[in-house]
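Just so you know, all these numbers are worked out from the coordinates, no wet-lab data involved. Predicted model only: the values in this text are computed from it and were never measured. Here Cβ is always computed from backbone atoms with ideal geometry, including for glycine, and neighbour counts include all displayed protein chains.
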Amino acid sequence: MKFGVVIFPGSNCDQDCFYVIKEVLKQPVEYIWHQSTDLAGFDAVILPGGFSYGDYLRTGAVARFSPVMKAVNKFAAQGGLVIGICNGFQILLEAGLLPGAMLRNRNLHFICKYVLVKAENTETAFSNLCRPEQILKIPIAHNEGNYYIDDAGLQELKQNNQIVLRYYKFNPNGSQDNIAGIINREGNVLGMMPHPERSAEEALGSRDGLLIFKSMLEYLQNKR
Amino acid sequence: MLKAEIHITLKKTVVDPQGLIIKHALESIGYKGLEEARIGKMITLTLNYRQKKRAEREIREMCKKLLANPIIEEYTFKLREEK
C-alpha cells in the first residue's frame with residue numbers, strides 16, 4: 001500500500017512519518033511537495049505536524065490554500081485515506097474537511113509530553129486494531145490543540161460516532177469534550193493532535209502510535 | 001487609494017484564553033474594575049483603487065475566505081481614503 005507524506009513549508013514531522021511508514025510499517029512511501037496537484041497512485045495521504053507557513057494568521061489557515069490541498073480534497077472525496085496529525089489536523093479543520101476549529105491551549109503553554117488517550121471508536125479505518133476503549137500512550141506537542149465546536153456540531157459528532165480519541169484522565173489543552181481526534185462522517189479522513197509517528201517504536205517509550213498506521217494498512221488490505 | 005483597518009476577534013460565545021490571562025494580569029497590578037478583557041487581531045490593507053463598494057465587497061470576501069475563521073471569529077472593518 002502506497003503512502004504519501006505531504007511537505008508544506010514549515011512541516012517538521014514529515015521525516016518522522018516517512019521513517020515510520022518505510023522502516024517500521026515496511027510499506028512504500030513518497031514525499032508529496034505542497035505544490036503538487038496529483039495524488040494518483042497513493043492509497044493514503046499523511047498531513048504531518050509542524051508549523052506550516054509559520055502558523056501565521058491561524059494554524060493551518062494558509063496551508064489550506066496550497067495547491068496540494070485541492071488534490072487532497074479530491075482524493076478524500078474519492079474515498080482515499082487522509083490522516084492529519086497535529087498541524088495536519090489544524091489544516092484539515094481550516095480546509096473544512098473536518099468540522100470545528102482550534103483555539104490556543106487553555107493555559108497558553110506549548111505542551112510537549114506523553115498523554116493518555118482512549119480509543120472511543122475502534123471501528124474506523126484508523127483504529128480498527130485497537131481494543132474497544134483501549135488506552136494509548138502517545139505524545140502531544142502543540143500550542144493550539146484546544147478543539148472547539150458549537151453545541152449542535154458536538155451533538156452531531158457524538159451521534160455519528162465521529163469522536164475517535166479522547167484525552168484520558170487529563171485534558172492537557174481544554175479541548176471540548178476531551179476530544180483528541182475526530183473522523184469525518186464518511187470515515188476516511190481523521191485528524192488527531194497526538195503524534196502516533198513519535199510513538200511507533202519501543203525505544204521512544206511507547207509503540208501505541210503504530211496501531212494507528214497498522215489499522216490504516218489493515219483497512220486498505222481488506223478493502224483491496 | 002483606500003486604507004482598510006480590519007478587526008478580528010473571537011466570538012463572544014468562544015472562550016478567549018489570552019483575554020483571561022490579560023484580565024488576571026491587570027487585576028494583579030491593581031485594576032479592579034474589569035468585567036472582561038478580550039484580544040483580537042488588527043490587519044491593515046492599502047488598496048490601489050478608490051471604489052468603496054468594491055473594497056467593501058472584496059474585504060468581506062477576504063475575511064470569509066482567509067482572514068477570519070467564521071467558526072470561532074467575527075470581524076469588522078473601517079475604510080478611509082488616503083491621498
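With semi-axes defined as the square roots of five times the eigenvalues of the C-alpha gyration tensor, the equivalent ellipsoid of chain A measures 22, 20, 18 Å, largest first. Rounded to two decimals, the Cα radius of gyration of chain B over 2.2 N^0.38 Å is 1.37.
The string of couplings for segment A:150-162 from the Karplus curve (6.51, -1.76, 1.60, θ = phi - 60°) is 6, 4, 5, x, 5, 4, 5, 4, 5, 4, 8, 6, 8 Hz, one whole number per residue in order, with x for Gly and Pro. Under the convention that each Lys and Arg Cβ holds +1 and each Asp and Glu Cβ holds -1, the size of the dipole of segment A:184-224 around its Cα centre is about 200 debye. For chain A, a Gaussian network of Cα nodes joined below 10 Å ranks A:PHE126, A:PHE89, A:PHE170 by mean-square fluctuation, and the top entry is A:PHE170.
If you fit an axis through the alpha-carbon atoms of helix B:17-28 and take the longest principal axis of the Cα set of chain B, what angle between them do you get, 0 to 90°, nearest 10? Compared with the principal axis, the helix lies near 50 degrees. Exposed loop sites here are GluC sites (Glu not before Pro) in DSSP loop states with at most 10 other C-beta atoms within 10 Å. What is the longest stretch of chain B lacking them? The longest such stretch corresponds to B:37-81.
Computing FRET efficiency as 1/(1 + (r/R0)^6) for A:ASN222 and B:GLU27, where r is the C-beta to C-beta distance and R0 is 45 Å, gives about 0.20.
Counting only residues at least eight positions apart within a chain, or on another chain, the lysines with an alpha carbon under 29 Å from that of A:LYS137 are A:LYS2, A:LYS22, A:LYS26, A:LYS113, A:LYS118, A:LYS158, A:LYS169, A:LYS214, A:LYS223.
The alpha-carbon of B:LYS64 sits under 24 angstrom from the alpha-carbons of these lysines, leaving out residues fewer than 8 places away in its chain: A:LYS70, A:LYS74, B:LYS3, B:LYS11, B:LYS12, B:LYS41, B:LYS52, B:LYS53, B:LYS78. Between amide H atoms placed 1.01 Å from N, distances below 5 Å from A:GLU201 occur with A:SER206, all of them 5 or more places distant or on a separate chain. As a ratio to 2.2 N^0.38 Å, the alpha-carbon radius of gyration for segment A:8-126 is 1.08.
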